[in-house]
Amino acid sequence: MAMKIDAVAPGSDAAALGLGPGDELLAVDGNVLNDALDYQFYTDSPGFHLTARVGGRMEEWDVARQPGEDFGCSFATYLGDKKHSCANRCIFCFIDQLPPGMRKSLYFKDDDERLSFLFGNYITMTNMHDHEIDRIIRMHISPINVSVHTTNPELRSRMLANRRGGETLRYLERLARAGIAVNCQLVLCRGVNDGDELRRTLTDLLDLGPMVQSIAAVPCGITDYRQGLYPQVPYDAASSAEVIDIMEAFGEQALARYGSRIVYPSDEWYLNAGRPIPPAAFYEEFAQLENGVGMWRLYEDSFRAELARPHAVYGEKKMDVVTGTMAAPLITAMMDELHRQYPMISVTVHPIRNRYFGGNVGVAGLVTATDIIEQCQGRLASGVLGVPEVMLRSERDMFLDSVTVEELARKLGVRVEILPADGGKEARALLRSGLHISRRRKPKTEETSHE
């Protein structure tokens, strides 16, 4: 396979060889280049033999260079070729439950081990084979994020609707024994892979040793668009509490066995069960924030830590903020604390019920502009609307329903301010406002005052 060059960095080693857009990299030291991982691995060397196709002609060079610096080529995609698509029909797949009419890219299911390493995506490994596991081990691509769900081979095959679901579980042991760190995700479906099946899964994964560095469980998301799909029952307070008890018990075992908790319930279980979110020490290095594990705790602690620092605030500030129903109690509590310490700042929180997806979807990241407009029209207390960046795609310009930030601002007649997901950074953004009012730190024996 050839890697077609999209651009070459000026002054790079690739530019010095005369390589340019349209040329193709074929092999390094006889190793065929299939994708960007091959390219990065084989060119990160003080010297190598390069074979390329330049202007239709085969060219070869012996290249001497400084390791650790990029060779200088970039490609049309991060991978250099197409993403590997998912071969499963999982009974809990969220993409199968998306409403119609959204952006085409949102309906694509990737299951690509390269994206796991490059961007933290979770993979099931069902479209992988031994030679791809060999490559991960040879290149020591670590960590790899794996959607395990269950270690019962028959149950995993049924849950993924893929006969290779159980067979590919053996790759976990190969990776762990080779020193490849693995982060595991368990999407739990009520009455399917929880209870004793969850105990079995946690036992099997912890037996693989400390190379399984984290295990997170999240509840299956359920929208109103499940027609023809496997029937799912949402978790309630009691069933969520049962999951927490199992996860925390195995976390204590892991702590005693390996010196790390490893096993973590996502925040949603605690919120569903009406239990307090654990302290920061519980989450250690916050290894699975992308799965909503410890996100609530980290946000609150960093927000409060920022408020504890002295700030100069200028003038008065009024603002409205939108969030999902799940995070609404936390965001409201933080805005109340902000106002208590800085009375000149008033933030009105609007919990947005997710009617676009329906079902039990309450996370802020799935809130659409359609629902914001419908639920905020005529109800805003200011001319500024704060929108969490998690509601937008990476370019921070468009919601899931393809409505742009500019369209939202125009329809609501407000200025939109994009708020950081990090609690401390959000607190700093909200504190930027005026001219002459400052808060000074007082000795611990005195009460904090505002001037």
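The values are calculated or read from the model by the stated rules, or taken from the named source; none is laboratory data. Nothing here was measured: the structure is a model prediction, and the numbers come from that model. Every residue, glycine among them, receives a Cβ derived from its backbone with ideal geometry; neighbour counts consider all protein chains shown. The accessibility values were calculated without ligands, DNA or RNA, using every heavy atom of the protein model including side chains. Shrake-Rupley method; radii C 1.70, N 1.55, O 1.52, S 1.80 Å.
Would you check the accessible area of Ser157, probe 1.4 Å, heavy atoms only, in square angstrom rounded to 10?
Accessible surface of Ser157 is approximately 30 Å².
Taking θ as phi - 60°, what are the ³J(HN,Hα) couplings along segment 330-336 by the Karplus curve (6.51, -1.76, 1.60), each to the nearest whole Hz, with x for Gly and Pro?
Whole-Hz 3J(HN,Hα) from phi for segment 330-336: 5, 4, 4, 4, 5, 5, 5.
Per the 1.4 Å probe, what fraction of the accessible area of segment 298-343, in percent, lies on carbon and sulfur atoms? Let's see the in-between values first.
Values: 1100 of 1950 Å².
Roughly 56 percent, rounded to a whole number.
When you take every Cα atom in segment 110-228, what is the radius of gyration, and what is Dmax, the widest Cα pair distance, in Å?
My reading of the Cα-based Rg and Dmax gives 14.1, 45 Å.
For the chain, give the share of DSSP beta bridges that are antiparallel, in percent and rounded to the nearest 5; count only bridges with both residues there. Don't jump to the answer; show the numbers that get you there.
Working: 25 of 55 bridges.
Of the beta bridges lying entirely in the chain, close to 45 percent run antiparallel.
Tell me which aspartates and glutamates have Cα within less than 19 Å of Lys317's Cα, excluding those fewer than 8 residues away on the same chain?
Once the sequence-local aspartates and glutamates are set aside, what remains near Lys317 is Glu306, Asp336, Glu337, Glu417, Glu426, Glu451.
Please compute the volume of the convex hull spanned by the alpha-carbon atoms of segment 201-286 and report it per residue in Å³.
Dividing the Cα hull volume of segment 201-286 by its residues yields 116 Å³.
In the structure displayed, which of Lys104/Lys318; Lys318/Lys411; Lys4/Lys425; Lys318/Lys425 lie more than 29 Å apart, Cα to Cα?
Details: Lys104/Lys318 38 Å; Lys318/Lys411 20 Å; Lys4/Lys425 40 Å; Lys318/Lys425 18 Å.
Distance filter (> 29 Å) returns Lys104/Lys318; Lys4/Lys425.
Provide the solvent-accessible area of Ser402, counting protein heavy atoms only and rolling a 1.4 Å probe, rounded to the nearest 10 Å².
40
For segment 361-419, what is the convex hull (Cα atoms) projected area averaged across all directions, in square nanometres?
Values: hull surface 15.1 nm².
Mean projected area of the Cα convex hull: 3.8 nm².
Per residue of the chain, what 222 nm ellipticity follows from adding -39500 (n - 2.57) for every DSSP H run with n ≥ 4, rounded to the nearest 500?
Details: 15 runs with 142 residues, N = 451.
-9000 deg cm²/dmol, from helical runs alone.
Taking the Cβ of Asn152 as the center, what net charge do the other residues with Cβ under 14 Å away carry, scoring Lys and Arg +1 and Asp and Glu -1? Mind dumping the intermediate values first?
Working: positive: Arg156, Arg158, Arg170, Arg199, Arg200; negative: Glu154, Glu167, Asp194, Asp196, Glu197, Asp204.
The answer is -1.
What Kirkwood hydrodynamic radius do you get for segment 4-63 when you take the inverse of the mean 1/r over all pairs of distinct Cα atoms, in Å? Please list the in-between numbers first.
Values: mean 1/r = 0.0862 Å⁻¹.
Evaluated over segment 4-63, this radius sits at 11.6 Å.
Kindly sort Trp61, Trp269 by accessible area of their heavy atoms, largest first, with the probe set to 1.4 Å. Show your work: numbers first, answer last.
Numbers: Trp61 55, Trp269 0 Å².
Order by accessible area, largest first: Trp61, Trp269.
Show me the ranking of peptides 31-39, 407-415 by mean Cβ neighbours inside 10 Å, starting with the highest. It would help to have the intermediate numbers written out before the result.
Numbers: 31-39: 18.3, 407-415: 15.6.
Put in order of decreasing packing, that is 31-39, 407-415.
Using 0.36 nm per residue, how much length does the chain from Phe282 to Ala381 gain when fully extended, once their Cα-Cα distance is taken away? Don't jump to the answer; show the numbers that get you there.
Numbers: separation 99, 0.36 × 99 = 35.64 nm, distance 3.84 nm.
Stretched out fully, the Phe282 to Ala381 stretch lengthens by 31.8 nm.
For segment 250-340, what is the accessible area per residue in Å², given a 1.4 Å probe and the full set of protein chains? Show your work: numbers first, answer last.
Values: 3970 Å² over 91 residues.
Heavy-atom accessible area per residue stands at 44 Å².
Can you work out the FRET efficiency for the pair Leu208 and Glu395, with r the C-beta to C-beta distance and R0 = 45 Å, to the nearest 0.05? Working shown, then result.
Values: r = 39 Å, r/R0 = 0.86.
Efficiency at R0 = 45 Å is approximately 0.70.
Would you calculate the separation in nanometres between label points at Arg353 and Glu167, each defined as 7 Å from the Cα along the Cα-to-beta-carbon direction?
4.8
Can you tell me the alpha carbon radius of gyration of segment 297-368 divided by the globular rule-of-thumb value 2.2 N^0.38 Å?
Numbers: Rg = 14.0 Å, N = 72, 2.2 N^0.38 = 11.2 Å.
Normalised Rg, Cα atoms only: 1.26.
Suppose R0 equals 25 Å. What FRET efficiency, 1/(1 + (r/R0)^6) with r the Cβ-Cβ distance, do Asp29 and Arg177 give to the nearest 0.05? Please report the intermediate quantities before stating the final value.
Details: r = 27 Å, r/R0 = 1.09.
Efficiency for this residue pair is about 0.35.
Over segment 151-235, what relative contact order in percent results from Cα pairs under 8 Å that are six or more residues apart?
On the way: 84 pairs, mean separation 26.8, N = 85.
Once divided by the residue count of segment 151-235, the mean separation gives 32 percent.
Mind grabbing the base-10 log of I(q)/I(0) for segment 285-436 at q = 0.11, 0.21 Å⁻¹? Debye formula, identical points on the C-alpha positions, no solvent, two decimal places.
Taking Cα atoms of segment 285-436 as identical point scatterers yields -0.41, -1.45.
Using a 1.4 Å probe on the protein heavy atoms, what percent of the accessible area of segment 137-268 belongs to carbon and sulfur? If you can, show how the numbers build up before the last one.
Values: 2590 of 5210 Å².
Here carbon and sulfur together make up 50 percent of the probe-accessible area.
Could you tell me, in Å, what Rg and Dmax come out for the Cα atoms of the chain?
Rg, Dmax (Cα atoms, Å): 25.2, 79.
Quantify how much of the Cα-Cα distance distribution of segment 175-237 extends past 19 Å, in percent. Each step should come with its number before you reach the end.
On the way: 850 of 1953 pairs.
The calculated P(r) of segment 175-237 puts 44 percent of pairs beyond 19 Å.
Any idea what the relative contact order of the chain is, in percent, if you count C-alpha pairs under 8 Å spaced at least 6 apart? It would help to have the intermediate numbers written out before the result.
Numbers: 811 pairs, mean separation 44.5, N = 451.
Worked out over the chain, it gives 10 percent.
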